[in-house]
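The next block holds one structure in the form of structure tokens; read it before the comments.
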């Protein structure tokens, strides 16, 4: 294993963009087998070549900037997905309302009957069932 460590010295290695490209490549591979499509197979090969090129590249600064640009696009999407998943998980224990004054999302515990909800942003009070 030391030969691999020596070989990778000064090379970029694997990052989030390479990992994402690998996942897309696996999906293309499955779809090309399922649809018997040579076009998807060609895209799959192009992605694999790009992954190996990025991993073995010695231009570390450029690969770092490419990954940073990718993360600038990906992180807002991932945070929206995480927020939506947490919202769905919270539906069992919480009820969600929007403030009538400022449209702020408000979370209140379920099963408390009629409660008074005060918006922390604009201080509007509402009476709602939880």
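The values are calculated or read from the model by the stated rules, or taken from the named source; none is laboratory data. Note that the structure is a prediction, hence the values are computed from the model and not measured. Every residue, glycine as well, gets a Cβ built from its backbone with ideal geometry; the counts of neighbours run over all protein chains shown.
The residues on offer are 105, 112, and the sole one that is under 24 Å from the mean Cα position of the chain (by Cα) and not assigned by TED's automatic domain parsing to the domain that holds residue 12 is 105. Checked against (1) in the same structural domain as residue 8 (by TED's automatic domain parsing); (2) without any contact (Cβ under 8 Å) to a residue 40 or more places away in the chain, residue 120 passes all but a single condition, namely (1).
Within region 52-71, residues that are surrounded by fewer than 16 Cβ atoms within 10 Å (Cβ to Cβ) reach partners that are part of a helix (DSSP H, G or I) with beta carbons closer than 7 Å, at six or more positions or on different chains, in the pairs 57/63; 71/16.
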